[in-house]
Amino acid sequence: MQTDDAITKEPAVSATGVEGSAEPQVNPGSGTTERRAAVIDRSWRACTEAEFAKDYMQELRAWLASRKSRRAVVYPHSTDWFRAFALTAVEDVRVVILGQDPYHGPGQAEGLSFSVPDGVAPPPSLRNIFKEIDADLAGGEPRLQRTGRGSLVGWAQQGVFLLNSVLTVEHGQAAAHQGRGWETFTDAVVEHLSVHGQPMVFLLWGSYAQKKGQVIDASRHLVLRAPHPSPLSARRGFFGCRHFSAANAWLEEQGRGHIDWYATTGKSS
């Protein structure tokens, strides 16, 4: 379903939208440019269809269209707004990592919290996440740090749901789209996972994520909290939190396997 607005009454089938400004992909041999929209997995329908039909989402849709008409540069491209929902089905979610809003630099945001496309240098918070993984799982050997890659598609394909609270942002303006309705949508998503998902681990880094996670049923799920991995706070307790080994140990106890935190590169479908 090709449409000019990403938020429709039937987005569980397709999610394209008010065009952002990420570079389009070239269709080899055709001389044309195109982007393939992220297709929301059907397992999310029970949650997303109800939310997309609500008034706040129609208001958000109209506001995003108005920003587009005023030539605002919106990240990520609209075809990636719901990418996390395309890569990870509800029943496959094993870990949730909550972010705040997308990166606001050119080419950085790709619809997954903390992730950047391959070829884009990992931002400071992501570098600190990799540093903690190496300390936790590799005795400090910089296995992830030295790759220079920042895409976390491989995590998403293993069941790590990489969700930002706000799914869009504007160029050079952090938090530009906060308070417009995305938070209501993602609150509903977190609650849906808490109630209907299999036992999973929620990684809540920073006060913003921890406040959003108050709806999580800690009797069913493992909730791990630490300061944000930003350079401003990582040394206040993110470094040394060992969340990655703790998550895997708990998942194994639940019979849900473990995450290969070093397998960040996505597999082709």
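In the range 63-81, the residues that are more than 21 Å from GLY107 (Cα to Cα) form Cβ pairs under 7 Å with partners that are open to solvent by 50 Å² or more (accessible area, probe 1.4 Å), at six or more places apart or across chains, as follows: TRP63/ARG180. Between residues in the range 202-219 that are more than 16 Å from THR184 (Cα to Cα) and residues that are part of a loop (DSSP other than H, G, I, E, B) and of a type in the set (Val, Ile, Thr), which pairs lie under 6 Å by C-beta distance while being six or more apart or on different chains? From residues that are more than 16 Å from THR184 (Cα to Cα), the pairs are PHE202/ILE216. Of the residues making up the range 129-147, those that are in a helix (DSSP H, G or I) and of a type in the set (A, V, I, L, M, F, W, C) are ILE129, PHE130, ILE133, ALA135, LEU137. Against the conditions (1) open to solvent by less than 50 Å² (accessible area, probe 1.4 Å); (2) more than 23 Å from GLY105 (Cβ to Cβ); (3) not hydrophobic (A, V, I, L, M, F, W, C), PRO123 satisfies every one except (2).
Where in the range 148-260 are there strands (runs of 3 or more DSSP E), lying wholly inside it, with at least 2 residues that are closer than 17 Å to ILE97 by Cα and open to solvent by 10 Å² or more (accessible area, probe 1.4 Å)? First the steps, then the outcome.
Details: elements: 160-164, 201-205, 222-226.
Filter on the range 148-260 gives 222-226.
Candidates in the range 48-94 are the residues that are under 30 Å from ARG256 (Cα atoms), part of a loop (DSSP other than H, G, I, E, B) and not small (Gly, Ala, Ser); of these, the one that is most open to solvent (accessible area, probe 1.4 Å) is ARG94. One residue stands out among those in the range 95-106 that are in contact with a Gly (Cβ under 8 Å, 6 or more places away or on another chain) and closer than 9 Å to PRO76 by Cα: the one that is least open to solvent (accessible area, probe 1.4 Å), which is PRO102. Residue check: SER113 meets all listed conditions (1) over 20 Å from PHE239 (Cα atoms); (2) buried (at least 20 other Cβ atoms within 10 Å of the Cβ); (3) among the polar types (S, T, N, Q) but one, namely (1).
The values are calculated or read from the model by the stated rules, or taken from the named source; none is laboratory data. Note that the structure is a prediction, hence the values are computed from the model and not measured. Cβ sites come from the backbone with ideal geometry, for glycine too, and all protein chains shown count toward neighbours. Just so you know, the surface numbers come from the protein's heavy atoms only, side chains and all, with ligands and any DNA or RNA stripped out. Shrake-Rupley method; radii C 1.70, N 1.55, O 1.52, S 1.80 Å.
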